[in-house]
Structure formats: structure tokens, C-alpha cells
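Okay, so here's the structure we're looking at.
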Amino acid sequence: MSFGTLGLIALGFYLVLLVAVSEFARRARVDHTPADHFLAARHLGTFVLLLTLYATAYSGNSLLGYPGEAYRRGFSWIMATGFMLSIVVVFHALVPKLRPIAIRESFVTPGDWIRHRFAGERAERPLRVVIGALMVLALANFLLAQLVAMGHVAHEVTGGALPFAVGVVGLAAVILFYETRGGMRAVAWTDAAQGILMLVGLVVLLAWLLADGGGIAATTRRIAELRPAAVAVPDTLERMNWASTIVLLGLASVLYPQAIQRVFAARSAGSLRRALALMSFMPLTTTLVVTLIGLAAITRFEGLGAIEADTVMPRLLGAWAEEGPGSRAMAIVVFIGALAAIMSTADSVLLSLGSLIAVDLFGRPSGAPSTTRLGKRAAALVMGGAALVALAPPLTLWRLIELKMELLIQCVPAFLLALHWRRLGAAGCLAGVVVGTAIAAGGTLLGAKRLGGVHMGVIGLVANLAVAFVWSWLRPPDQPVAGPARSASAR
Amino acid sequence: MGDARTRQIVRRLLLGAIAVLYALSIPWYRTAGAEPELWLGFPDWVAVAIACYLGAAILNAVAWLLTEIPEDEAE
């Protein structure tokens, strides 16, 4: 049986399985409230929570974008292991303070925190809308990256039988179907299965690559011969970029709405603590592995262009599949694992998008079933728009990630500073977000991605924090600091 | 009470150590463009970075297990 036929059968089987899981999840629902649909009635235990956090964090970006970037940049991309770990480190500043308030106040979306923390201040509503809009933009961008990755993988796994555009649109429709039917419960269950597939598949692929290349040392020597700069000690600009990327990804990623919602959805604090402890090791088992896969690709494909480099993973799998029936079957498993990881991230993003638009942007009540319906429709609209743009991807996957993070990082003061500094007011916070976003967006529009290796988004955050700090210091919040909201949250 | 305070202090020390490991993971200490030796098959500066991230992962996992999240009493 040919690779393409085998791939089509495996893909079909996997999609049927996803639809079946969503049906089970739909029958397991407790009620029609947003908390049930968007947070699985807050019943996620350690194992499912770990795997859903894992499958959500490690996405199409990790599986296609990171090997592509390792291929382009060489060994300095080892920074990716550091910045993925920094996310679990920065969670220390968010989770212990936010989680108890979220449970007590029954938060569904990140905007619920803004409403609670800045309650009674005139600038609360505009701040919530601006933060919500930034998060929706970042998520739409994230969704776009997943759809592009999905199209590439579906095309490759079917040996070209499924055109890129059909892969994007068809798989987007499947995600929309099972997410709408089963909500967070379906997403978390499928994430768990997808996480396991991805983990096993990547390790097997790396083992094959290293064995085929004569081991790590032989692969490194070969890379040094082909591209000496990929192995040499990075220059100051690259080191500054390394540090800046750790700050950018570490701070921005903890504000992924879908990550925050998983903090809300954990069954207990103990489950969450154990899941985050185990998550600390995932960058070493996943990011490091995909980085090495991208580096090994240098020895096989020389001279790929910037956008083409995002396809090194599917190309490697295609090459592996040609080695015999056993490797063909394993390559299909890895392909499906990769597709699973991408779809699991896309479904999580879609779920968060729906809740953010309905609750934070349209101001619908968090507890009403009509909010769930509006969220589903809004998510479908955004999915349609993103699928159209994905048909002609404008940038590399890594640049899409950077742009998303540069927007998301501007929300840091509204969460991390607001949790730890009682005096921060909504007006100061809003002014900071506007200034920071203007710098980040202005830099991008003017074509200045970085200054001395530091991302414009990080420079924007420094200005953002300075404005928020000075404004709130000079002009304290226009309402007295009182009530359980501040006393509990802003110490 | 004493236990909780000790856990809190240890947790903060661990987070401080993680910050140090992050600073060490970036090859500030090497001359740019220098040809590296191979350590365990990796360029030496890459091996140092991986070791730093492995250490940071272990410390971070321990720090999470020591983290107090107030709703614990309700479990």
C-alpha cells in the first residue's frame, strides 16, 4: 500500500475517532452554562490537565515552526528549550494568586479578572475591551498559524492527495464541529490522546534521525562542515535576542487565554500544582527534540528558503517513509501525532476565542447559556476568516508567533502587576497598554522588528510598565481600594 | 506555620537559582564566532545551555511542589 493511501486511511480513522469523542463529551455535559462548555465544569484532574496543557502549549508552532527556525538559525535555537521552560517558571507569579480568586469568583474568561480587580473604576470597561481585543487578535493569529501547519501536514501525510487548501478548510470544519459539540471536555480528552501520540512520535523520529546520521556528534560535525555559522558561538546581537525571546515568550505565554482558562478549569489546586511540576520537563522532551530534528535537517536539505524551511518536518517524515514498510507505518504515526497536536492547539484557541468575544468584548454575562451560543458563532466566524488567510500564508510560522507574543505581552501589567501591586489603577494600566501596543505595532509597521536584538514588544512592555507605574503612583485609582476583590487579590 | 515559612523560603531560593541558571545558559562568557569543542556530541556552549535548562526544570518542578495555593484546605 502506498504512503499516500495509508496516510488517507489513518487520517480518516483519526477524524472519525475525534467526532466520536466529541459525542461522548457532549453526553457527559452537566448543563448548558459557559462554565460547563468552556471549562468542563472545572473538573480537570492532574493527568488530563497535564496532557491538555502540554498539547495546548506544544502546537503546530512547536512541530513545524521550531524545527524550521532551528534549520534557519542553527544551534542558537537551543534558546527555544529555555523559553518554553520559562513559561512554567513565570506561572509562579500568576497561578498562586489568581487561581483562588478565580475559583471563589467563578471566572470563565481572563476579562472576568479585569472586571473583578478594577471594579468600580471608570477605566475598567475600556481596559477590559482593549485587553480582550489584544487577546482576540493574538489568538486569531495563533489560529492562523495552526491552520497553515495543518494544511502542510495533511498535504504531506496523504502523499499530496489532499491539496493544502482542502486540508486547511476540511480540518478547520472538523475542529469547529467537535469543539462546538463537546466544548472543553471534548478538547481536553482529545488533547490527552493527542499529547501522548505527539510525545511518542517525536522521540521515535529523533532516534531514527540520529541513528541514520551516525549519532549526535557525527551530525554536529556534519552541520559544522556544511554551515559553520550554525555551530559557532553566537554574536552579541543573537545573545541579546536569546535573552529577549525568553522574556517575550515567558511573560506573554502565561497570558494565553486558553492557558489561563485551564488554570480556572483544574479540579483542585493540588492537580494544578502537580500538572505544572510535570510540565517543567516537557521542554526537554519536546522542544529540545524538535530543535534537534530541525538541526538534523541541515544535513539533508541544504538551501531551503525562509517559508520552505517550515516544511522540514514533513519532508523528513516523507524521507523516512521511503525506507520500508516499518518506517512508513511509523512515519504515519508521527504525522498523525503532529496533526493531532496542531488540531488540539487550534481547538483550544477556538474555544477561548468564543468565550473572549462573547464575554469580554460583547459584555455578555458569564453564566448565561445564550453566551455559550454567541461564543460558538463568533468562533465559527473567526475560524472562517483565518482559514481564508491561511490559504496563502504571509509569513513564516515563527514570525507569526513573535507578532502574537508582542501583542500579548502588553497585557502583562493588567495581570501580573495588578496581582502583586495594590496601587495599580485601571486608567494607568490602560494608558500603559496603549503606549506599549503603539510601540510594538509601530515597530512592526515600520519594519523594525528588533532594536539591538531586543523585540519591539519587549521595549513596548518596558514603556507600558513605566507609564502604568508612574500614572498609578501619581494618580491612584479613582475608587477607594476596598472590598474582597482588592483585599484578596492585590496584596 | 514554621513548615510553611520554610517551604516559602526554599521556594524563593529555588526561583532565584533558576534565574541564575537562565543567565548562565546564554553564552555571554564566550567569544562570538569562536569554534567550539564538542561535549557529549554538542557544541560546548550548547551543552552548557542544555545542562542549565535541565537544572532549571528540576528546580522548577520542586518549587511547584512547594507552592502553596490557598484553596488547598478545601481539598
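A compact table of results
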read-out	value
Selected residue [in a helix (DSSP H, G or I) and without any contact (Cβ under 8 Å) to a residue 12 or more places away in the chain] from A:173, A:188, A:138	A:173
Search result, residues across the range A:251-310 that are under 25 Å from residue A:138 (Cα atoms) and of a type in the set (Val, Ile, Thr)	A:254, A:260, A:263, A:286, A:287, A:290, A:291, A:307
Out of A:306, A:341, sole residue that is in a loop (DSSP other than H, G, I, E, B), closer than 25 Å to residue A:401 by Cα, under 23 Å from the mean Cα position of the chain (by Cα) and touching a residue at least 24 places away in the same chain (Cβ under 8 Å)	A:306
Whichever residue in the range A:244-262 is touching a Gly at 6+ places or on another chain (Cβ under 8 Å) and among the aliphatic types (A, V, I, L, M) and, among such residues, is farthest from the other protein chains (Cβ to nearest Cβ)	A:252
Given (1) at pLDDT below 95; (2) closer than 25 Å to residue A:250 by Cβ, index of the condition residue B:72 fails	(2)
Residue within the range A:148-162 that is touching a residue at least 40 places away in the same chain (Cβ under 8 Å), within 11 Å of chain B (Cβ to nearest Cβ) and on the phi < 0 side of the Ramachandran plot present	no
Enumeration of residues in the range B:41-66 that are under 25 Å from residue B:3 (Cα atoms), surrounded by fewer than 20 Cβ atoms within 10 Å (Cβ to Cβ) and facing another protein chain (nearest Cβ under 7 Å)	B:61, B:65
Condition met for residue A:285 (hydroxyl-bearing (Ser, Thr, Tyr), buried (at least 24 other Cβ atoms within 10 Å of the Cβ) and either modelled with pLDDT of 85 or more or part of a loop (DSSP other than H, G, I, E, B) (or both))	no
Conditions (1) facing chain B (nearest Cβ under 9 Å); (2) part of a helix (DSSP H, G or I); (3) more than 19 Å from the chain's Cα centre (by Cα); (4) buried (at least 19 other Cβ atoms within 10 Å of the Cβ); number of the one not met by residue A:276	(3)
Residues (surrounded by fewer than 23 Cβ atoms within 10 Å (Cβ to Cβ), away from every other protein chain (no Cβ under 14 Å) and aliphatic (A, V, I, L, M)) located in the range A:84-122	A:119
Residue match in the range A:193-209 (condition: within 12 Å of chain B (Cβ to nearest Cβ), surrounded by fewer than 21 Cβ atoms within 10 Å (Cβ to Cβ) and closer than 30 Å to residue A:279 by Cβ)	no
Top-ranked residue in the range B:19-29 [being within 7 Å of another protein chain (Cβ to nearest Cβ) and not in a helix (DSSP H, G or I); ranked as farthest from residue A:216 (Cα to Cα)]	B:28
Checklist (1) under 29 Å from residue A:147 (Cβ atoms); (2) at pLDDT below 95 applied to residue A:80, failing item	(2)
Hey, residue B:32 touching a helix residue (DSSP H, G or I) at 6+ places or on another chain (Cβ under 8 Å), more than 17 Å from residue A:237 (Cα to Cα), facing chain A (nearest Cβ under 8 Å) and without any contact (Cβ under 8 Å) to a residue 40 or more places away in the chain or not	no
Count of the range A:319-328 residues which are surrounded by fewer than 24 Cβ atoms within 10 Å (Cβ to Cβ), hydrophobic (A, V, I, L, M, F, W, C) and either modelled with pLDDT under 80 or in contact with a Phe, Trp or Tyr (Cβ under 7 Å, 6 or more places away or on another chain) (or both)	1
Residue match in the range A:215-227 (condition: outside any helix (DSSP H, G or I) and farther than 23 Å from residue A:349 by Cα)	yes
All positions within the range A:370-427 that are outside any helix (DSSP H, G or I) and either among the β-branched types (Val, Ile, Thr) or surrounded by fewer than 22 Cβ atoms within 10 Å (Cβ to Cβ) (or both)	A:391, A:392, A:393, A:394, A:395, A:396, A:421, A:422, A:423
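The values are calculated or read from the model by the stated rules, or taken from the named source; none is laboratory data. Just so we're clear, the structure is a prediction, and the values are computed from it rather than from any experiment. With ideal geometry, Cβ positions are generated from the backbone for all residues, glycine too; neighbour counts draw on all protein chains shown.
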